[in-house]
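Some notes on the structure that comes next.
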Amino acid sequence: MGTVPGFDPVIEHDKTRAALRAVVPRLVRLLRDVPDPDASSGVPVWTVGDVGAHLLAAVYLAYCSIVSVEESVETVESVEWDSVLPPGDASFTERIAAMNAKSIELFGGDEHVRPGDFIAERGETFLRVTEGLAPDTCVSAPWYGEGATITLATVTGLMLSESLVHGLDIARGTGLPWRIGPDEARLVLGQSMPTMMALALDTAKAQGVSIAFDLRIKGGLRLAVVVEDGTMTVTRDAPPRTYDCTITAEPATFLLVSFRRTPIWKAIARGRMRAGGRRPWLAMRLGELVASP
């Protein structure tokens with residue numbers, strides 16, 4: 001059935017930090033080169049300026065606000081998330097939508113905020129404050145659910161993914177160049193997807209569903225994605241088992257399909273993603289089961 005070598009979480013986390021450190025100045029330059037913040041972006045309902053506001057508040061402000069140095073008094077700027085988010089019984093999609101709306105409200109159209117400067121400062125702060133912390137350090141993430149926590153490795157992967165994908169959204173709206181490399185995408189998928197796919201599961205659609213996906217990302221990453229009656233588990237380097245559907249994809253392609261930036265039919269037509277196994281037609285179900293705010 002085939003296996004892939006086990007990964008070292010510390011080494012991979014360090015690589016993700018290095019990738020984030022490299023993408024921040026690229027993102028800063030992109031934001032400073034934007035000719036018209038009112039232009040349409042790669043997100044249909046947002047302008048380029050709205051995407052920048054989302055990056056400021058929902059990514060760089062938000063994630064800097066929740067990381068702190070273990071056993072020390074150094075904590076990055078506090079945010080009263082209870083005043084922003086809907087009640088605790090709200091769904092994942094509702095909570096993320098509320099956070100996104102608040103981010104536009106906080107920074108959208110504010111001419112006094114220079115997006116590039118803000119992201120440069122917050123990106124440096126995040127990396128400095130989290131320097132030396134273990135990848136499995138837990139931090140609170142209230143926008144994912146009441147009392148929700150995620151690991152620092154997941155947070156770092158999310159910051160990298162948001163920077164890469166929203167950089168592409170801005171580039172698509174402005175005609176400026178932007179590239180998502182396979183190594184960057186693979187780090188995102190390995191660091192954040194195991195947690196985020198399970199968190200974003202549409203539990204109503206997953207009721208009564210039993211499917212095991214073997215997700216193979218070119219370059220070595222392999223995830224076992226198992227949906228079982230309203231729950232999902234995503235495991236790296238899982239022991240051998242029988243799968244219903246095997247999905248093989250290029251890393252950047254799967255990242256963009258996951259974020260609904262590339263239609264799955266186009267990825268398949270271009271040969272960048274394919275399905276196999278006993279029930280290959282189930283590949284389409286994976287995207288249907290994972291919610292998109």
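The values are calculated or read from the model by the stated rules, or taken from the named source; none is laboratory data. Here the structure is a predicted model, which is why all the values come from computation and not from measurement. Every residue, glycine among them, receives a Cβ derived from its backbone with ideal geometry; neighbour counts consider all protein chains shown. The protein model used for the area step is the full one, side chains on, heavy atoms only, and it has no ligands, DNA or RNA in it. Shrake-Rupley method; radii C 1.70, N 1.55, O 1.52, S 1.80 Å.
Remark on the stretch 88-228: Rg and Dmax equal 17.2, 51 Å (Cα only).
Note on Ser40: accessible area approximately 90 square angstrom, rounded to 10, probe 1.4 Å, nucleic acids and ligands left out.
Label-to-label distance for Trp265 and Ala22 is 3.6 nm, based on points extended 7 Å past Cα in the beta-carbon direction. Stretching Asp183 away from Asp237 to a fully extended chain increases their span by 17.6 nm, per 0.36 nm per residue minus the current alpha-carbon distance.
Mean projection of the alpha-carbon convex hull of the chain over all orientations, in nm²? If you can, show how the numbers build up before the last one.
Values: hull surface 60.7 nm².
Answer in nm², one decimal: 15.2.
Can you say what percent of the DSSP beta bridges in the chain, counting only those with both residues inside, are antiparallel? Round to 5. Can you show the working numbers first?
Numbers: 24 of 29 bridges.
Looking only at bridges with both residues in the chain, the antiparallel portion is about 85 percent.
Net charge within 12 Å of Gly271 by Cβ-Cβ distance, Lys/Arg positive one each and Asp/Glu negative one each, not counting Gly271 itself?
Values: positive: Lys218, Lys266, Arg270, Arg272, Arg274; negative: Glu250.
Charge balance near Gly271 sits at +4.
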